[in-house]
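Structure record follows, encoded as structure tokens.
The values are calculated or read from the model by the stated rules, or taken from the named source; none is laboratory data. Because the structure is a prediction, the values reported are computed rather than measured. Cβ coordinates were reconstructed from backbone atoms using ideal geometry, including for glycine residues, and neighbour counts include every protein chain displayed.
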Amino acid sequence: MTKIGIPRALFYFYYYPLWRAFFKDLGLEVVLSPPTNKAILDDGVRSTLSEACLPVKVFFGHTAALAEQVDYLFVPRISRVEAKAYICPKFMGLPDMLKARLERLPPLIDTVVDAGRDGDRRSCWEDCLREAGGIFTRDKQLTDRSMEAAMQAQRRFKKRLTAGMLLTDALEDNKVSEAAAASHPQRKLKIGLLGHPYNLYDPYSSMNLIKKLDALGASVVTPESLTDKEIDDEAAKLPKRMFWTLGKRMLASALIFCRSIRLDGLIYLTSFGCGPEALVEELVARWAKQRNDLPLITLTIDEHTGEAGMVTRLEAFTEMIKRRPKA
Ligand code: SF4
């Protein structure tokens, strides 16, 4: 059976259910790289340029881990996933960066995802997957059926997220719902967790941030629990249209967290080397400040971040919230 490899990094955290269902239905074996570990990160750091952000380094490590095990690697060239907004430039250039830096790669399937100026979120993925599917079959009926299975899987995934399920659980088809905040009414603290899902939900990169907060008695709310409509509506209130999809998601989530959800604190997890995040971080800090009762902490991660420092900061942050006088 032909094996297609999917690196467990970057846009895996957004679209894995869609891809898995499509390629499995086409009759391919989908091979996922193992969860991030030290060897994967070290490999990624060695093979990228030092200026790359942490998630790109992690992606390189995952690609290298799969390279000799699969017949193809799926690394779509993601440009636009919605009208009039671009995804980060590093996503667009990923296939080229991989080819330039990694040796012994199997053929890359780097079909383009471009919603165009007026395109919608569904059709850009249809075009990309149909073209990728064309490498393996000319059976139009089979491709149509696989496409439908893929869209259904992605809808189910989004539904599980907006029902409050943690992303890592929602990615697993059979996992019974463990809602992030909703199922823990007894928790003392409710923390808004901002950040890209490929940082927040990669236990190695984030140093198990969500589990650590759980151990400190805090439940979390993340941007993934918001619907696309909620994000779009909130983003429309910004004084200028945000033309960067990931930044838009972050800003709109921050606005909702700061203004519409009862939270005890806000944590913003950023990755060193992410240029766009520098702007978002500043705005998030301003909005959090406008609400006197919402403490904010920014945690920046890179390949050198030490776990002890992270634990100390989280303990201090949660303790400070617990001890402050009630308003
Ligand atoms: S948005 Fe930032 S962290 Fe994400 S890939 Fe782009 S530069 Fe890296």
*Could you list, in sequence order, the residues of the stretch 253-281 that are part of a helix (DSSP H, G or I), away from the ligand (no atom under 15 Å from the Cβ) and surrounded by fewer than 14 Cβ atoms within 10 Å (Cβ to Cβ)?*
Arg259
*Among residues belonging to the stretch 120-155 that are loosely packed, with under 14 Cβ neighbours inside 10 Å and small (Gly, Ala, Ser), point out the one that is modelled with the highest pLDDT.*
Gly134
*Kindly list the number of the only condition in (1) crowded, with 20+ Cβ neighbours inside 10 Å; (2) more than 30 Å from Phe60 (Cα to Cα) that fails for Glu224.*
(2)
*Hey, does the stretch 240-252 have a residue that's surrounded by fewer than 21 Cβ atoms within 10 Å (Cβ to Cβ), near the ligand (Cβ under 10 Å from one of its atoms) and closer than 24 Å to Gly309 by Cα?*
no
*Taking Leu299 as the residue in question, decide whether it is farther than 28 Å from Glu51 by Cβ, in contact (Cβ under 8 Å) with a residue 40 or more places away in the chain and out of contact with any Pro (no Cβ under 9 Å at 6 or more places or on another chain).*
no
*Within the stretch 92-106, can one find any residue that is in contact (Cβ under 8 Å) with a residue 12 or more places away in the chain, in contact with a strand residue (DSSP E or B) (Cβ under 7 Å, 6 or more places away or on another chain), crowded, with 16+ Cβ neighbours inside 10 Å and in a loop (DSSP other than H, G, I, E, B)?*
yes
*Have a look at Val58, Val75, Val31 and point out the one that is buried (at least 20 other Cβ atoms within 10 Å of the Cβ) and out of contact with any Pro (no Cβ under 7 Å at 6 or more places or on another chain).*
Val58
_One residue is enough: does the stretch 210-220 have a residue meeting the conditions within 16 Å of the ligand (Cβ to nearest atom) and crowded, with 20+ Cβ neighbours inside 10 Å?_
no
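Out of the helices (runs of 4 or more DSSP H) lying entirely within the stretch 1-90, which hold 3 or more residues that are of a type in the set (A, V, I, L, M) and modelled with pLDDT of 95 or more? Lay out the reasoning, then the answer.
Working: elements: 12-25, 38-47, 54-67.
Result: 38-47, 54-67.
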_Residues (near the ligand (Cβ under 10 Å from one of its atoms) and within 27 Å of Arg122 (Cα to Cα)) located in the stretch 45-91_ = Pro55, Val56, Phe59, Ile87, Cys88, Pro89, Lys90, Phe91
